Amino acid sequence: MTTAATAAVDLAAPLLAGVLGTAGAGKLFGRRAGTSASRTALARLVRGGHRAARALRGLGALELLLCAALLALPPSAATGGAAIALGAGFLGYLGYARYTAPGSSCGCTAGDDGPVGGRAFARAAVVLVGGVAVTLAGHPWWATAPRQPAATAGAVLAAVAGALVLAPDHRRQPWRTLRLRLTGHPLDGTRAVTRVPVAATVELLERSLAWQRAAPLVRSALLDHWDDGGWRILQYAGVHTGDGAARPVMVLFALDAAAGRDAVREPAVRVSVLDADTGESVAVTA
């Protein structure tokens, strides 16, 4: 391997520790972890929401323990093998969840109520590949990082970019807010539009005929929202059962961003249904 590739393999341990530490802390200490456990496919597997909550917290503790080992111990077949086993277990569980309960969330990250999608499989694959890299590493990360500062910086930037791409929908909003603050809001010329509370837009949507028609697809509370071109976009997770097969989708509603619950009786609403994995439009029959 090249020097850069060797350094990347040596640096896999702290990067993988970041993935496991974030997920583990959310499961073990997250306020919503216990209440959302009953809506996961794990509840079906262990036959009960309380059992699922205990299993998720136990898994969180295991992830934090492996995180600490990856940070504190030199790379070895033991820590790498544990990560490989964990990643393989995640992939198997996600396959089970996708097949038996496609409308349920996986519980992989605290607060993620959306159905199992491609990003969940990708995160599990990252854990498995990271475990392989830890097994192959020749030096501890704390020895490689000072010797290879450029490779270290590149690995960190790549990890941050990957985390943003693979992050669940509910964790993307802070980054979108930061981007808007840095680059400017697309509706800067119409600031009054943004003063309508999101709760008022949601209430207006839920009184509309468009919501009544699309509600059977929706399987989550509001996951994300943003304003664009005078429209307020509201994103929900859902499941489409057309053609005899269930698949996770994103249900997007677009309303006039300036409309409030007292201003309009029946708002104009645009509805789009997208495949959660590919982003392609899904045709929905009324």
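Values in this text are rule-based calculations from the coordinates and carry no lab data. Since the structure is predicted, the reported quantities are computational estimates derived from the model, not experimental observations. FYI the Cβ positions are ideal-geometry reconstructions off the backbone, even for glycines, and counts take in every protein chain you see.
Quick notes on this structure:
- Potential lengthening of the chain between HIS225 and ALA245 amounts to 4.4 nm, from the contour at 0.36 nm per residue minus the alpha-carbon distance.
- Here the spin labels are modelled as points 7 Å beyond Cα on the Cα-Cβ line, and at ALA5 and ALA268 they lie 5.6 nm apart.
- Extension gain from ALA125 to HIS50, taking 0.36 nm per residue of separation minus the Cα-Cα distance: 24.2 nm
- Length added when fully stretched, ALA61-ALA88, from 0.36 nm per residue minus Cα-Cα: 7.9 nm
- Quarter of the Cα convex hull surface for segment 198-275, i.e. its orientation-mean projected area (nm²): 4.9 nm²
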